[in-house]
Amino acid sequence: MELNIPEFEGPIAQRGIGIIAPFDLALERELWRWAPLEVSLHLARTPYEPVPVSLEMAELVSERRHLMAATRDVLHVEPEVVTYLCTSGSFIKGLEYERTLCDAICEAGALHAVTTSGALVEAIEHLELSRLSVITPYDAPLTARLHAFLNEAGTEVVRSDHLGLGGGIWKVNYRTIAERIIAADDPRSEAIFVSCTNLPTYDVIAPLEQELGKPVLTANQLTIWACLGRMKLPMTGPGKWLRNVF
């Protein structure tokens, strides 16, 4: 039998992104929605920690040794970039610590490294943003650390809101998220940042950008965007202000 059926020519050659996620990530399906057809996501998780979402948890899941171990777990499938997919874990100790996390991932063998908070800083620089509104699912102390990180990056937080959740963040519905984003908008803010890679946001970005007339930047969006940029691939999914940056 001659195999001249087009389907037998595949599969499409895959290009990999290694993803280091906190142990409680529940949004793998949302991550895949950001990935182009030729990109595969290879996930590893940090060890389980019996603590609520908090300053303590952010520090525990961002230990360099955990990131290095997780990086080694995904290297065998040859990802082109490895990312630490966690906003709080990458902003918790400031800009310099964020850079050390990237260094740790590369030290473990990755070709390129990205963190969620590092991707946020990249977007701020590329879009020339100086004033943001911020939404987080965290408590007040952890949200304050995000403010400090942004201030260190030269960005003013003009309005902020937080949900005060210690867990189950992935269960927050779109209506609640959209209402909070709209309420946090401010004429002075040039964009709105929605923190946490465990907070679902994919389907609210485009309608809210159209309604508010400014970028709505979210954690998973920015993380995959920065990875695709290093792979010289175009961004997919909502977020028109980011589309042509790389």
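The values are calculated or read from the model by the stated rules, or taken from the named source; none is laboratory data. A quick note: this is a predicted structure, and the numbers were derived from the prediction, not measured. A quick note on method: Cβ atoms are made from the backbone with ideal geometry, for glycine too, and the neighbour counts reach across all protein chains shown. Note: areas computed on protein heavy atoms with side chains; ligands, DNA, RNA excluded. Shrake-Rupley method; radii C 1.70, N 1.55, O 1.52, S 1.80 Å.
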Enumeration of residues in the range 124-140 that are buried (at least 17 other Cβ atoms within 10 Å of the Cβ) and not in a helix (DSSP H, G or I): Leu129, Leu132, Ser133, Val134, Ile135, Thr136, Pro137, Tyr138, Asp139
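Could you say which residue among Leu60, Leu31 is out of contact with any strand residue (DSSP E or B) (no Cβ under 7 Å at 6 or more places or on another chain) and of a type outside the set (D, E, K, R)?
Working: Leu31 fails: out of contact with any strand residue (DSSP E or B) (no Cβ under 7 Å at 6 or more places or on another chain).
When all the criteria are applied, what remains is Leu60.
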Among the listed residues Val172, Val121, Val194, which satisfies the condition of being buried (at least 17 other Cβ atoms within 10 Å of the Cβ), in contact (Cβ under 8 Å) with a residue 24 or more places away in the chain and over 27 Å from Val74 (Cβ atoms)? Val172
Starting from the range 40-52, keep only residues that are at pLDDT 95 or above, then list their pairs with residues that are part of a loop (DSSP other than H, G, I, E, B) and crowded, with 17+ Cβ neighbours inside 10 Å whose Cβ atoms are within a distance under 6 Å, requiring at least 6 positions of separation or different chains. Leu41/Ala35; His42/Pro79; Thr46/Pro22; Thr46/Val61
Go through (1) at positive phi; (2) under 14 Å from the mean Cα position of the chain (by Cα) and name the single condition Glu98 misses. (1)
Does Tyr97 fit the bill of being aromatic (Phe, Trp, Tyr), at pLDDT 95 or above and open to solvent by 10 Å² or more (accessible area, probe 1.4 Å)? yes
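If I ask for residues that are of a type outside the set (A, V, I, L, M, F, W, C) and either under 24 Å from Ala21 (Cβ atoms) or under 16 Å from the mean Cα position of the chain (by Cα) (or both), which ones from the range 208-231 would you list?
Within the range 208-231, Pro215, Thr218, Asn220, Gln221, Thr223, Gly229, Arg230 meet the criteria.
Which residues, counting only those in the range 81-114, are touching a residue at least 60 places away in the same chain (Cβ under 8 Å) and under 25 Å from Trp241 (Cα atoms)?
Answer for the range 81-114, where residues must be touching a residue at least 60 places away in the same chain (Cβ under 8 Å) and under 25 Å from Trp241 (Cα atoms): Val81, Val82, Thr83, Tyr84, Leu85, Cys86, Thr87, Ser88, His112, Val114.
Conditions (1) part of a helix (DSSP H, G or I); (2) not hydroxyl-bearing (Ser, Thr, Tyr), marked per residue:
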{"residue": "His42", "(1), (2)": "no, yes"}
{"residue": "Pro52", "(1), (2)": "no, yes"}
{"residue": "His66", "(1), (2)": "yes, yes"}
{"residue": "Thr71", "(1), (2)": "yes, no"}
{"residue": "Leu75", "(1), (2)": "yes, yes"}
{"residue": "Pro79", "(1), (2)": "no, yes"}
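Listed residues Glu179, Glu156, Glu152; which is acidic (Asp, Glu), open to solvent by 40 Å² or more (accessible area, probe 1.4 Å) and touching a Lys or Arg at 6+ places or on another chain (Cβ under 8 Å)?
Numbers: Glu179 fails: touching a Lys or Arg at 6+ places or on another chain (Cβ under 8 Å); Glu152 fails: touching a Lys or Arg at 6+ places or on another chain (Cβ under 8 Å).
When all the criteria are applied, what remains is Glu156.
Let me confirm something: among Thr100, Thr143, which residue is in a helix (DSSP H, G or I), more than 30 Å from Val172 (Cα to Cα) and polar (S, T, N, Q)? Talk me through it step by step, then tell me what you get.
Details: Thr143 fails: more than 30 Å from Val172 (Cα to Cα).
Residue meeting the stated conditions: Thr100.
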